[in-house]
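To keep things clear, I will list the structure first and then write my remarks on it.
The values are calculated or read from the model by the stated rules, or taken from the named source; none is laboratory data. Please read all numbers here as calculations on a predicted model, not as lab measurements. Because the Cβ atoms are built from the backbone with ideal geometry, glycine has one as well, and the counts that use them run over all protein chains shown. Protein only, heavy atoms only, side chains kept; ligands, DNA and RNA dropped before computing areas. Shrake-Rupley method; radii C 1.70, N 1.55, O 1.52, S 1.80 Å.
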Amino acid sequence: MSATSEDAVRTGVHPVLVLLHGGGPGVDAESNWASVRSRLSGEFSCLAPDLLGFGTQIDGSAGIEGPRAWAQARAQRILDMLDRLGLERVHLLGNSAAGGAAALALLSLAPDRIGRAVVMGGAGTGPLPPVVPFYGDPTKESMRATLARLVADESAHHQLLDELAEIRLQQALRPGAESAFRSMFADGADGPPPVDLTKMVNPVLALHGARDRVSPVEVSERLVDALPNARLQVVEGAGHWIHVDRPDEFCRLVGEFLSA
């Protein structure tokens with residue numbers, strides 16, 4: 001479900017921050033950002049749309065193949081949203097291989113529309129997983145195990161993981177969800193070329209959990225090395241879901257960087 005409050009953004013006095021959620025099976029904006037949305041809204045007017053291929057945005061995604069094509073299509077959808085709302089310039093917070101990759105595509109496609117960007121977990125610049133998650137065994141137990149890998153210590157999040165497994169199982173089994181998700185992992189050799197990281201001049205903060213079990217810190221190190229105006233912050237004690245494992249530190253780092 002989208003967590004966008006468009007009326008509040010139109011009338012708000014805070015800088016606009018677009019929250020771009022991650023790319024796991026059954027994800028949506030509302031559940032992805034629940035741990036930090038209210039805190040971030042104290043400093044920013046937050047827009048948290050469901051990204052193309054997830055949540056309420058599965059329809060209309062047929063024919064997109066490969067991660068680069070998906071990132072560009074999502075970036076264009078975000079630009080269309082900004083145009084519709086009359087927003088000239090926004091900040092970005094992009095989570096992992098869906099939201100992070102869409103943020104990089106936006107920085108390439110429309111740098112003048114973006115102020116600063118925070119990306120998480122390598123922003124989809126690492127290798128694709130060897131198998132498509134969850135859909136080989138589409139059960140609640142499989143979903144729970146998939147989500148458990150995203151936190152540093154699942155024993156600290158038992159109730160949250162149980163609740164999210166139920167929510168995301170239902171969403172992952174919606175008509176069209178599996179085919180859309182599988183196409184995100186397609187080869188995409190005939191798709192658009194990779195974005196040129198060396199030409200992205202906007203300030204970027206890359207956040208990476210020191211205990212990330214999905215994407216090693218080296219992925220974000222390579223990303224920051226390629227970007228001309230970026231720095232890396234490794235968050236101790238956090239897994240792939242930094243905003244869940246370390247919500248207070250996460251919000252502080254995001255707020256300080258975007259307000260600099």
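Each listed q (0.10, 0.15, 0.19 Å⁻¹) maps to a log10 I(q)/I(0) for region 3-107, found by the Debye formula over equal Cα scatterers with no solvent: -0.25, -0.56, -0.91. Solvent-free Debye calculation, one equal scatterer per alpha-carbon of region 112-193: log10 I(q)/I(0) at 0.13 Å⁻¹ equals -0.58. Peptide packing: for 37-43, 173-179, 64-70, the average count of neighbouring Cβ atoms within 10 Å per residue gives the ranking 64-70, 37-43, 173-179, highest mean first.
Go through 215-226, 24-35 and give me the packing order, highest mean Cβ count within 10 Å leading. Write down the numbers at each step before the final one.
Working: 215-226: 17.0, 24-35: 22.8.
In decreasing order of mean packing, 215-226, 24-35 become 24-35, 215-226.
Close amide H contacts of Val118 (hydrogens built in the peptide plane, cut-off under 5 Å, sequence separation of 5 or more or a different chain): Leu92, Leu93, Gly94, Leu205. Carbon and sulfur: what percent of region 33-118's accessible surface (1.4 Å probe)? Here it works out to 48 percent. The Glu154 and Asp83 beta-carbon pair, evaluated with R₀ = 51 Å, returns a calculated FRET efficiency of approximately 0.80. Projected over all directions and averaged, the alpha-carbon convex hull of the chain occupies 12.4 nm². When the chain is treated as a GNM with alpha-carbon contacts under 10 Å, the residue of Pro133, Pro15, Pro194 showing the greatest mean-square fluctuation is Pro194. Solvent exposure of the chain amounts to 43 Å² per residue of accessible area, where only protein heavy atoms count and the probe is 1.4 Å. Here the Kirkwood formula puts the hydrodynamic radius of region 122-162 at 11.6 Å, using every distinct Cα pair. Considering the zone a paramagnetic label at Asp187 would reach in this model (a point 7 Å from Cα along the Cα-to-Cβ line), which residues of region 111-148 have amide N under 20 Å from it? Within reach of a label on Asp187, which here means backbone N under 20 Å from a point 7 Å along Cα→Cβ, region 111-148 contributes 126-133. Around Asp28, under 10 Å between beta carbons, what's the net of Lys plus Arg minus Asp minus Glu among the other residues? The answer is -1. Paramagnetic label reach from Ala110 (point 7 Å along Cα→Cβ; backbone nitrogen cut-off under 16 Å): within region 36-55, residues 47-52. When the chain is modelled as a GNM with alpha-carbon springs shorter than 10 Å, which of Leu19, Leu104, Leu128 fluctuates the most? Judging by the Gaussian network model, the answer is Leu128.
What's the carbon and sulfur percent of region 146-254's accessible surface, probe 1.4 angstrom, rounded to a whole number? It would help to have the intermediate numbers written out before the result.
On the way: 2660 of 5300 Å².
That fraction is 50 percent.
For the pair region 83-116 and region 174-242, the centres of their Cα atoms are 14 angstrom apart.
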